[in-house]
Amino acid sequence: MPRLFIALASALVVVGCGGGDGKEAVSGSITLKAKTFPDGGLVTFEPLENQGTAAPSVVSGGKYDIPRENGLKPGRYRVWMTAGDGRTAVNPVSADQPPGPGGGANIVSKDLVPAAWGRESKQEVTVKAGGPNMFDFNIP
């Protein structure tokens with residue numbers, strides 16, 4: 001009986017330590033102008049310390065979740081977001097021209113996220129080994 005207990009305990013330790021790739025789950029919530037961040041928007045984590053991991057996550061209900069298997073290695077990350085309004089007709093080549101290249105009805109969404117939180121973001125977080133790595137963002 002003790003041998004069986006030791007074997008089962010050893011198996012649980014091996015299963016519990018699975019992965020071994022050093023990645024961490026990351027999650028949190030985002031608000032934009034005190035409202036829930038638009039569904040389908042993206043939050044992206046870009047490594048600042050050569051971690052070799054970067055991850056985007058689609059936002060739903062104002063929340064995002066990057067599971068451990070797709071997660072981030074510990075270290076500092078630049079964080080930026082984007083969320084289109086889904087209805088603004090914009091000509092991506094020339095804003096003074098009708099929508100779409102050649103004036104068609106193509107929709108190229110206007111980004112609702114201010115530049116300071118978008119691709120020009122200077123927002124940073126530090127992912128820690130063993131977590132929890134929950135980061136909430138309130139975009140003014």
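If you filter segment 9-50 down to residues that are acidic (Asp, Glu) and modelled with pLDDT of 90 or more, you find that the one that is nearest to Met134 (Cα to Cα) is Glu24. Scanning segment 115-140 for residues that are acidic (Asp, Glu) and in a loop (DSSP other than H, G, I, E, B) turns up Glu120, Asp136.
For beta carbons closer than 8 Å, sequence separation of 6+ or different chains, a first residue in segment 56-76 that is touching a residue at least 24 places away in the same chain (Cβ under 8 Å) and a second that is aliphatic (A, V, I, L, M) and surrounded by fewer than 15 Cβ atoms within 10 Å (Cβ to Cβ), the qualifying pairs are Tyr64/Val58; Leu72/Ala54; Pro74/Ala129; Gly75/Leu48; Arg76/Leu48.
Just to be sure, is Asp85 more than 13 Å from Phe137 (Cβ to Cβ), touching a Ser or Thr at 6+ places or on another chain (Cβ under 8 Å), among the acidic types (Asp, Glu) and at pLDDT below 95? It is true that Asp85 is more than 13 Å from Phe137 (Cβ to Cβ), touching a Ser or Thr at 6+ places or on another chain (Cβ under 8 Å), among the acidic types (Asp, Glu) and at pLDDT below 95.
The values are calculated or read from the model by the stated rules, or taken from the named source; none is laboratory data. Since the model is a prediction, treat every value here as computed from it, not as a measurement. In this analysis, Cβ positions are derived from the backbone assuming ideal geometry, glycine residues included, and neighbour counts consider all displayed protein chains.
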